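What follows is a short report on a single structure.
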Amino acid sequence: MGVTMTASSRKGKEPGVLSANKNAKDRKNHPKQRTMTMLPIQRLFNTCKDVFSRSSTNAIPSPREIARLKAVLDWISAEDLGLSPQMPYFQANGSAASRQLTYLHLYECERFSMCIFCLPPSAVIPLHDHPGMTVFSKILLGTLHIKSYDWVVDAPTSSSRSRRSIVNHTGAQPLGARLAKVKVDSNLTATCNTSILYPADGGNMHRFTAVTACAVLDVLAPPYSDADGRHCTYYSDHPFSRISVDGLCIPEDQRGGYAWLEEKEGPEEIDVVGARYQGPLFMEN
């Protein structure tokens, strides 16, 4: 997802990581732990580290590696990460609180990041993109409405000479809006499998709306990085019929599957609070 947090907001650089010295001491004091089943969060971290170390930073993992990571994510539950619907993250008390999201930082390196978003009912993560990134999203709790788009390759953009459009909600004409095709527009629940999007396919631009209280685990590879050109851009989407471009024609019965996306300054309607992850820890080995 497209919400990035500063180090101070994360309340600890690696809150999910158990230090090597502490882990070694624990094993010494509790030798039976050597035979215990690996925790799901540890298995996820180990798989991410292995999968994303096999390719260059900006490369898409092979289908086999993607399937391997997806299989691990598909089996992770809210309970595995210490989450329950009774937590304050998922409660909404008034209109202001309903817009507030909680960001739980798990891990980040130059190749991948792991985090959890906690949304009270009706909270929204606005339409945004994931440039040059492969993103795995696993719904842990609740029901989430997802609307996602992919760019229509080689389609003309709205411009001052070719467009004939009505004004948008700000009173300004949409300049440079790009045509996008709807990929997903439906409700997904915590029983569904992991969603995967790619740099140019799978719904790279998406909006999340919490139908009920929700928790979403995200793995991003590579993470957002302004220095490396992976900056999160937010968009407003306009119905296809609102902008008419010379030379572009889509049958009327198919127009509902397309929209014009216009870049916007930032998500005015979002309020993100960083909190410390309090679930099971994992070892960075």
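The values are calculated or read from the model by the stated rules, or taken from the named source; none is laboratory data. No experiment lies behind these values; they were computed from the predicted model shown. Cβ placement follows ideal geometry from the backbone for every residue including glycine, while neighbour counts extend to all protein chains displayed.
Within region 50-66, work out how many residues are surrounded by 16 or more Cβ atoms within 10 Å (Cβ to Cβ) and of a type in the set (D, E, K, R).
Within region 50-66, residues that are surrounded by 16 or more Cβ atoms within 10 Å (Cβ to Cβ) and of a type in the set (D, E, K, R) number 1.
Looking at (1) assigned to a loop (DSSP other than H, G, I, E, B); (2) touching a residue at least 40 places away in the same chain (Cβ under 8 Å), can you tell me which one S56 breaks?
Failed condition: (2).
Looking at region 72-89, which of the residues that are under 18 Å from the mean Cα position of the chain (by Cα) and in a helix (DSSP H, G or I) is nearest to Y277 (Cα to Cα)?
Per the criteria, the residue is L81.
Inside region 197-285, counting only strands (runs of 3 or more DSSP E) that do not spill past its ends, which hold 3 or more residues that are within 18 Å of the chain's Cα centre (by Cα) and either farther than 20 Å from C118 by Cβ or touching a residue at least 12 places away in the same chain (Cβ under 8 Å) (or both)?
205-210, 214-221, 234-239, 271-275
Filter region 166-191 for residues that are in a loop (DSSP other than H, G, I, E, B), surrounded by 15 or more Cβ atoms within 10 Å (Cβ to Cβ) and either out of contact with any Phe, Trp or Tyr (no Cβ under 9 Å at 6 or more places or on another chain) or modelled with pLDDT of 60 or more (or both) and give the result.
Selection gives N168, Q173, A177, A190.
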